[in-house]
Every structure is written in C-alpha cells, then in structure tokens.
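The values are calculated or read from the model by the stated rules, or taken from the named source; none is laboratory data. This structure is a prediction, so every number in the text was calculated from the model and none was measured. We place every Cβ from the backbone using ideal geometry, glycine too, and count neighbours over all the protein chains shown. Remember, those area values only see protein heavy atoms, side chains included, never the ligands or the DNA or RNA. Shrake-Rupley method; radii C 1.70, N 1.55, O 1.52, S 1.80 Å.
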Amino acid sequence: MKIAVIGTGYVGLVSGTCFAETGNTVTCVDIDQVKIDRLTHGEITIYEPGLEKMFLKNLRDGRLKFTTDLKKGIEGAQIVFLALPTPPGEDGSADLKYVLGVADQLGHILEDYKVIVDKSTVPVGTADKVKDAIAKHAKVEFDVVSNPEFLREGVAVEDFMKPDRVVIGSSSDRAKKVMGDLYAPFVRQGNPVIFMDEKSAELTKYAANSFLATKISFMNEIAQLCERLGADVDMVRRGIGSDDRIGKRFLFPGIGYGGSCFPKDVQALIKSAEEVNYDFQILKSVEKVNEKQKTHLIPKIQSHFNYDLNGKHFALWGLAFKPNTDDIREAPALYIIDSLLKSGATVSAYDPEAMNNVKSLLKDTIQYSMNPYEALKDADALIIATEWSEFRTPDFDQIECQLKNKVIFDGRNLFDKNNLKSLGFNYLCVGR
Ligand SMILES: NC(=O)c1ccc[n+]([C@@H]2O[C@H](COP(=O)([O-])OP(=O)(O)OC[C@H]3O[C@@H](n4cnc5c(N)ncnc54)[C@H](O)[C@@H]3O)[C@@H](O)[C@H]2O)c1
C-alpha cells in the first residue's frame with residue numbers, strides 16, 4: 001500500500017518505518033525542514049532501540065521517503081496518518097490546532113478517496129471535527145478513522161511490530177477493510193484488531209494511559225505509607241503483584257511518571273470530563289500525587305544536608321523520563337535539577353542518550369559528563385533519576401572514591417538496600 005504519515009516525531013517516524021518494513025511505500029511529512037533533511041540523508045532524529053537499522057534499510061530500499069511538501073507527500077496514498085502533536089492547551093485540554101490545521105489543508109488538496117487516520121491522542125469527538133474540517137473544502141470522498149497508538153517509547157519498534165491489540169474506530173466498511181489489510185501482518189500471532197466506533201476508540205487511548213498513571217500514583221502512595229510505617233514497598237509490590245487480578249507490571253514506585261503522554265493525557269481526560277459536567281475525582285488525585293512525587297527526593301536531600309544546599313554539588317545519573325529513550329519531556333530529573341539549582345547547588349549530569357536534548361534546554365546551567373563516574377567527581381552525593389540498565393550494577397568502589405560523601409539518593413530503587421548498607425553507603429530510596 002502507499003501510505004503518508006504527517007508528523008515525523010516519535011510516533012510518526014516509528015509508525016512510518018514499521019509500515020515500510022512490512023512492504024508498504026511510506027512518505028513521512030513534517031514542517032521541520034532540518035528534521036526532514038537529516039532523515040533524507042540517513043540520519044536518525046530520535047533514539048529508539050532497533051529503529052535506526054530498520055530505518056536505514058527501508059530508506060535504502062526506497063520504501064521510506066521524507067518531505068515537507070504535504071501535497072506531494074499524500075500523492076497516490078490510500079491512507080494518510082496524522083501523527084501530530086496534541087500538547088496541553090492553557091486550560092489542560094488537548095490543543096487540536098496541529099491536527100485540525102492539517103485536516104483543513106487536506107480538504108483543499110485531496111484529489112481522490114483516502115482514509116485519513118487520527119493516530120494522535122485526541123479527545124472524544126475529534127474524528128467528527130477532523131471530518132468537518134476536511135469536508136469544508138474537499139471535493140472527493142474520504143473517511144476519517146480513529147486509530148490510537150499504544151507504543152511505549154523505549155520499546156516502540158517491538159510494540160509497533162507486535163502490538164497487544166490494534167484499535168480501529170470507524171463506521172465505514174470501506175475504511176475498516178483498508179485498515180484491517182494494513183494491520184494484518186502485525187497481528188499474525190492472533191492479537192486482536194478491535195473495531196469500534198470512533199468515540200470509543202478515542203476514549204480507549206485516554207482510559208489506557210490514565211489507568212496506568214493511576215497504578216503508578218497508587219504505588220507511590222503505598223511507598224509513602226511504607227516510609228512512614230516502616231514497611232518495605234518492594235515486599236508489598238511482590239505480595240500484591242502475584243495476584244493475577246492486579247498483575248506484576250506498573251507496580252514499581254519511584255519519582256513519578258513523566259514523558260510526553262501520561263501527564264498531558266491525564267490532564268486532558270480530566271478536562272474532557274469537566275466539559276460534560278463530570279468531576280473525575282480519581283484522576284485529579286492521580287495528578288496531584290504525581291506532582292508531589294516528582295520532587296520526592298528533595299526533602300530527603302535537604303534533610304540530609306541540614307536544609308542548606310547552597311554550594312553543594314550533586315552527581316545526577318539519568319535525565320530521560322525513562323530508560324531507552326532520549327525523550328526528556330516532563331522528565332522528573334528536570335524537576336530535581338530545577339529545585340537543586342534554586343537552592344544554590346550545582347549539578348553534574350550523565351545520561352546515555354538524553355544529554356543533547358538536555359543541553360539544548362538547560363544550556364550551561366549544569367555540567368555534562370562523558371560517563372557516570374566522571375559526574376561523581378567531588379560531588380556531595382549521587383542522585384539517580386532514571387533506571388538505565390547500565391546504572392544497575394555499578395562499580396561501588398569507584399563511586400566511593402569519587403564522591404565526597406558515601407550518600408546515594410535513588411529515585412528508582414535500583415540497589416539492594418542491605419548490600420549498600422554493608423558497603424557503608426547512606427542509601428536513601430523510595431518506600432523502603
Ligand atoms: N510519544 C509517544 O510515546 C506516544 C505514544 C502514543 C501516542 N502518542 C501521541 O501521538 C501524537 C504525536 O506524539 P509524538 O510524541 O510523536 O510527538 P512529536 O512532538 O515527537 O512529533 C510531532 C511531529 O509533528 C510535526 N508537526 C507539527 N506540525 C506539523 C504540520 N502542520 N505538518 C507536519 N508535521 C507537523 C512536528 O514537527 C514533530 O516532528 C501525540 O498526540 C501523542 O500524544 C505519543
């Protein structure tokens with residue numbers, strides 16, 4: 001099939017590459033000329049395990065193309081995916097200006113029947129708005145489908161190639177057939193393609209992310225209780241996770257969820273509920289708990305240094321909002337850095353993939369280290385904000401040599417606390 005993907009960010013680039021991998025010819029469109037030039041010349045623009053190899057192969061074989069020209073990009077395509085940003089507006093609701101802006105443009109340039117697919121995370125009713133925006137100027141038939149994306153950054157290629165499920169919201173048999181054919185190679189093992197109406201598909205995505213965010217905030221509150229009651233959240237996690245009804249995943253406490261999805265999607269669902277006079281109380285609490293959790297380590301750090309961080313220097317391991325990505329949107333590490341700098345402290349940071357993104361954002365307000373051990377030099381303590389695998393079994397002798405004090409604040413509970421105690425470290429973590 002011939003496919004166009006509008007918006008070549010995390011979702012657009014992964015989707016486009018994976019569709020090309022199954023034999024489709026894909027043109028990815030973006031307004032960012034620099035991004036399109038880099039991609040056209042074989043330079044990958046995001047870090048995502050397994051993506052670069054697949055991207056280069058499909059680029060070389062001519063199945064993957066890039067352009068900034070929307071009209072050229074959709075030429076001959078049967079399906080046009082919208083993988084555009086839906087950031088929070090001022091009131092927290094999803095801002096649809098990118099999605100509706102492109103829909104309006106499509107109305108002017110459609111020349112033959114196409115299936116237009118919302119892959120962005122959008123509030124209930126957006127498929128209708130997209131339909132109306134295109135219909136205003138379109139002279140040909142088209143269908144609008146809601147096909148929310150569930151990939152997780154860090155394992156996005158795997159998730160896309162073997163999705164747990166594919167959700168397709170459509171009331172058109174013609175569009176359903178096209179979408180079913182497109183996704184058939186991705187669900188050969190029998191995972192379901194679930195057809196539903198557009199509104200249910202739109203809500204499914206928000207419900208999924210909000211439920212997962214709820215699980216995280218719930219465990220973070222249990223961790224808070226553990227700290228106050230002297231229980232160990234690791235034990236509680238294992239105790240409840242072995243119950244099938246609860247499940248083992250998403251029960252790890254930490255310093256809050258971040259990223260480009262959970263924070264904004266929880267906010268947007270609260271707002272959508274308000275718009276239909278429903279007070280989504282659980283989600284409001286989930287958000288409040290997460291806000292507090294992002295700086296959970298700060299009072300521990302302050303208390304350890306007698307509430308005077310002025311002139312103190314900290315090593316920070318991990319900047320990305322989670323491991324295996326370079327994405328720093330809403331990363332808890334950024335909140336920690338902000339709080340430390342405001343208290344007069346300085347920071348040396350290391351992250352395997354996210355350093356360039358942080359450099360563009362924070363410039364020289366912090367120091368950047370070439371490796372985790374360099375960051376430790378003359379630091380008063382080590383802070384861990386992201387659970388990258390390479391931090392899990394570090395050389396504790398080196399840590400001891402480089403740090404001024406044997407103190408580790410671990411926001412991701414990476415180490416065995418008894419082991420750290422026996423090594424003489426002062427180890428402060430979450431809920432243990
Ligand atoms: N990142 C994720 O893990 C993830 C997962 C599932 C769903 N989503 C959803 O997918 C959507 C896209 O997310 P993302 O993380 O890929 O965003 P992103 O910011 O990484 O990428 C969006 C891209 O769209 C481009 N763009 C903006 N306006 C454009 C226009 N008029 N024409 C062409 N391109 C344009 C931007 O330049 C950017 O490259 C969002 O709604 C998000 O909530 C994201």
| field | Of the criteria (1) on the phi < 0 side of the Ramachandran plot; (2) more than 25 Å from the chain's Cα centre (by Cα); (3) surrounded by fewer than 22 Cβ atoms within 10 Å (Cβ to Cβ), which one Ile74 fails | value | (3)
| task | Quickly run through region 201-229 and pick out the residues that are of a type outside the set (A, V, I, L, M, F, W, C), open to solvent by 10 Å² or more (accessible area, probe 1.4 Å) and closer than 18 Å to His296 by Cα. | result | Thr214, Lys215, Glu221, Gln224, Glu227, Arg228
| note | Scanning region 36-48 residue by residue, those more than 10 Å from the ligand (Cβ to nearest atom), surrounded by 14 or more Cβ atoms within 10 Å (Cβ to Cβ) and part of a loop (DSSP other than H, G, I, E, B) turn out to be Ile44, Tyr47
| message | So, restricting to strands (runs of 3 or more DSSP E) that lie completely within region 56-161, which ones have at least 3 residues that are within 14 Å of the ligand (Cβ to nearest atom) and of a type outside the set (Gly, Ala, Ser)? | response | 79-82, 114-118
| task | Looking for whichever is within 16 Å of the ligand (Cβ to nearest atom), in contact with an Asp or Glu (Cβ under 8 Å, 6 or more places away or on another chain) and in a loop (DSSP other than H, G, I, E, B) here; the options are Glu353, Glu330. Which one fits? | result | Glu353
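Is it the case, given these coordinates, that Gly190 is part of a loop (DSSP other than H, G, I, E, B) and either of a type in the set (S, T, N, Q) or open to solvent by less than 40 Å² (accessible area, probe 1.4 Å) (or both)?
Values: part of a loop (DSSP other than H, G, I, E, B): yes; either of a type in the set (S, T, N, Q) or open to solvent by less than 40 Å² (accessible area, probe 1.4 Å) (or both): no.
So Gly190 does not fit the description; no.
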| note | By residue number, the members of region 16-35 that are in a loop (DSSP other than H, G, I, E, B), open to solvent by less than 50 Å² (accessible area, probe 1.4 Å) and either within 11 Å of the ligand (Cβ to nearest atom) or touching a strand residue (DSSP E or B) at 6+ places or on another chain (Cβ under 9 Å) (or both) are Asn24, Asp30
| request: List the number of the failed condition for Gly311; all other conditions in (1) open to solvent by 60 Å² or more (accessible area, probe 1.4 Å); (2) of a type outside the set (D, E, K, R); (3) part of a loop (DSSP other than H, G, I, E, B); (4) within 19 Å of Cys429 (Cβ to Cβ) hold. | output: (4)
| query | What pairs come up if the first residue lies in region 118-133 and is on the phi > 0 side of the Ramachandran plot, the second is within 13 Å of the ligand (Cβ to nearest atom), and their beta carbons are under 6 Å apart, counting only those six or more places apart or on different chains? | reply | none
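Output the helices (runs of 4 or more DSSP H) that fall wholly within region 230-307 and possess 1 or more residues being open to solvent by 20 Å² or more (accessible area, probe 1.4 Å), of a type in the set (A, V, I, L, M, F, W, C) and within 16 Å of the ligand (Cβ to nearest atom), or say none.
On the way: elements: 233-241, 262-275, 281-293, 297-304.
By residue number, 262-275.
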